[in-house]
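The values are calculated or read from the model by the stated rules, or taken from the named source; none is laboratory data. From a predicted model like this one, the values you see are computed outputs, not experimental measurements. We place every Cβ from the backbone using ideal geometry, glycine too, and count neighbours over all the protein chains shown.
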Amino acid sequence: MERHYKFNVVTKKISRLCCSKPIVTVNGKFPGPTIYAREDDTVLVKVLNHVDYNVSIHWHGVRQLRTGWADGPAYITQCPIQPGQVYTYNFTVTGQRGTLLWHAHILWLRATVHGAIVILPKIGVPYPFPDPHKEKLVILGEWWKSDVEAVLDEAVRSGLAPNVSDAHTINGHPGPISSCTQRGFRLSIKHGRTYLLRIINAALNDETFLKIAGHHFTVVEVDAAYVKPFKTDTILIAPGQTTNVLLTADQDPGKYLITVSPFMDSPIDVDNVTGTAILEYSGVPKSGGPTIITTPPPKNATPVAADFMNSLRSLNSGAYPARVPLEIDHSLFVTAGLGINACPTCPTKNRVVAYMNNVTFVMPEIALLQAHYYGIRGVFTDDFPVKPPTEYNYTGTPPKNLNTMKGTRLYRLNYNSTVQIILQDTSMIAPENHPIHLHGFNFFAVGRGLGNFNPEKDPKKFNLVDPVERNTVGVPSGGWTAIRFRADNPGVWFMHCHLEVHTTWGLKMAFVVDNGKGPDQSLLPPPTDLPKC
Ligand code: C2O
């Protein structure tokens with residue numbers, strides 16, 4: 001079945017934290033409209049750009065089998081949709097069901113241009129967990145009092161870190177603020193019922209913990225892949241990730257605090273703001289009764305985070321097997337971190353940069369996918385290094401030289417080859433969390449640990465049976481994560497840190513996957529309305 005949507009990108013004035021400002025939205029909504037589909041449906045979204053910015057939209061986690069032209073990252077798979085232009089994204093959600101998100105993939109527009117993608121199972125196919133009474137969306141975000149693109153501009157101009165946001169939002173609201181009588185977001189439920197919460201982190205720069213006073217969650221799915229259900233009172237969710245949980249309204253009818261707080265275990269992270277909302281049982285008078293509160297985990301609660309991540313396992317059932325690659329064709333060791341390069345125009349004469357294997361990625365001026373498809377030379381090279389240029393104690397004392405190389409360097413994969421990537425955070429400048437997102441694929445997160453990856457010992461502990469399958473994974477601060485995937489999708493696929501500030505600084509690279517020889521193994525031709533640069 002075909003699903004048609006129209007996205008008018010328009011400016012809208014809205015008020016938060018007691019002041020109003022114009023923001024870029026889709027159809028005047030914040031968060032934006034939800035895309036609903038069923039597994040194997042074709043989705044057509046006509047995007048009309050009515051604002052002064054260039055725009056592109058990414059369907060985060062949609063595999064885009066052979067349809068890289070619809071993936072959306074600006075200058076990677078398409079040139080941006082310019083003011084006044086129209087582009088229709090056309091893709092099929094083949095073999096996928098669950099919660100994903102869409103967001104703008106240019107500048108920092110995704111701060112306000114984002115929304116949910118809900119892919120239901122095919123008709124007649126049940127969830128592999130008890131049917132909920134109702135489903136609810138919980139979309140996390142961040143709010144700046146000033147214009148977000150001005151925050152980005154200022155950071156680029158100064159070469160320094162951008163201002164952190166002024167609030168964490170839940171479904172667009174920072175929480176009850178009485179001074180300007182904003183009620184915040186209320187999640188209303190009925191006693192005795194079970195709800196499926198589709199939780200999405202659309203924040204720009206923070207991994208977050210989510211808690212609801214007095215209640216537990218049963219996690220059933222992450223990044224549109226089912227997991228073995230487990231109970232927890234705290235969810236850890238990074239930007240770009242989605243988590244479906246069952247919540248049973250089994251407490252005394254009343255009001256319960258929902259908290260969204262940053263998880264950051266780096267000494268240089270400064271955000272300390274908690275977003276709040278209220279879980280409200282129906283029948284409880286709006287004004288009456290106290291709200292039962294909960295304390296969010298401290299922002300450096302590494303053990304809480306590790307506990308959550310270690311609990312995630314693929315469902316790996318007969319209907320949903322975990323197809324973990326056991327033989328590896330391409331093995332990469334990729335360091336991710338921050339560095340400092342000279343910047344003559346910056347006040348400090350230096351600029352903060354970020355890298356993978358010491359390469360700070362330079363965005364091209366025409367889309368990489370076009371350059372690949374038409375064989376245009378000089379746009380990228382395919383010599384991304386398989387390991388960092390020099391070995392050092394990545395999580396120990398930082399090296400003296402904090403400079404990085406620049407380049408638009410891709411890594412080439414044969415169709416259907418298998419890939420393992422060890423993602424190693426480094427303490428160059430300071431250790432940091434990096435939620436790494438891979439476009440075009442789901443991968444299996446087969447291992448993680450703190451400190452330096454040990455190539456002798458650590459692979460023996462990999463979970464090759466039921467590792468969690470996802471599209472965005474947190475590399476722990478001062479630690480590593482190992483992922484595996486099969487390159488069965490031809491095209492050019494971005495891989496980057498989903499903390500927008502790190503992407504801006506260059507913590508990104510891309511894979512180019514060649515066409516296969518068989519039928520249905522090559523990239524489809526570009527749509528006729530594909531934007532031009
Ligand atoms: Cu959700 Cu390349 O991003």
Can you tell which of ALA224, ALA203, ALA167 is under 30 Å from LEU338 (Cβ atoms), within 16 Å of the ligand (Cβ to nearest atom) and either among the hydrophobic types (A, V, I, L, M, F, W, C) or surrounded by fewer than 24 Cβ atoms within 10 Å (Cβ to Cβ) (or both)? ALA203
Of all residues in region 469-497, count the ones that are within 16 Å of the ligand (Cβ to nearest atom) and among the small types (Gly, Ala, Ser). 2
In region 451-458, is there at least one residue being within 16 Å of the ligand (Cβ to nearest atom), among the aromatic types (Phe, Trp, Tyr) and in contact (Cβ under 8 Å) with a residue 60 or more places away in the chain? no
Only one residue in LEU44, LEU109, LEU101, LEU17 is touching an Asp or Glu at 6+ places or on another chain (Cβ under 8 Å), within 16 Å of the ligand (Cβ to nearest atom) and not acidic (Asp, Glu), so which one is that? LEU109
Among the residues listed as VAL324, VAL379, the single one being under 30 Å from SER158 (Cα atoms), among the aliphatic types (A, V, I, L, M) and crowded, with 16+ Cβ neighbours inside 10 Å: VAL379
Does LEU236 satisfy the condition of being under 22 Å from the mean Cα position of the chain (by Cα), outside any loop (DSSP other than H, G, I, E, B), in the same structural domain as GLU135 (by TED's automatic domain parsing) and more than 13 Å from VAL138 (Cα to Cα)? yes
I'd like to check something: does region 116-131 contain any residue that is within 14 Å of the chain's Cα centre (by Cα), surrounded by 24 or more Cβ atoms within 10 Å (Cβ to Cβ) and not assigned by TED's automatic domain parsing to the domain that holds THR194? yes
Among the residues of region 500-528, what is the count of those that are part of a loop (DSSP other than H, G, I, E, B), at negative phi and surrounded by fewer than 24 Cβ atoms within 10 Å (Cβ to Cβ)? 14
Residue check, VAL419 hydrophobic (A, V, I, L, M, F, W, C) and either over 30 Å from ASN54 (Cβ atoms) or at pLDDT below 95 (or both): yes
Taking the condition of being part of a strand (DSSP E or B), of a type in the set (Val, Ile, Thr) and within 14 Å of the ligand (Cβ to nearest atom), how many residues in region 47-85 meet it? 1
If ARG484 satisfies all but one of (1) touching a strand residue (DSSP E or B) at 6+ places or on another chain (Cβ under 9 Å); (2) among the basic types (Lys, Arg); (3) more than 20 Å from SER314 (Cα to Cα), what's the number of the condition it fails? (3)
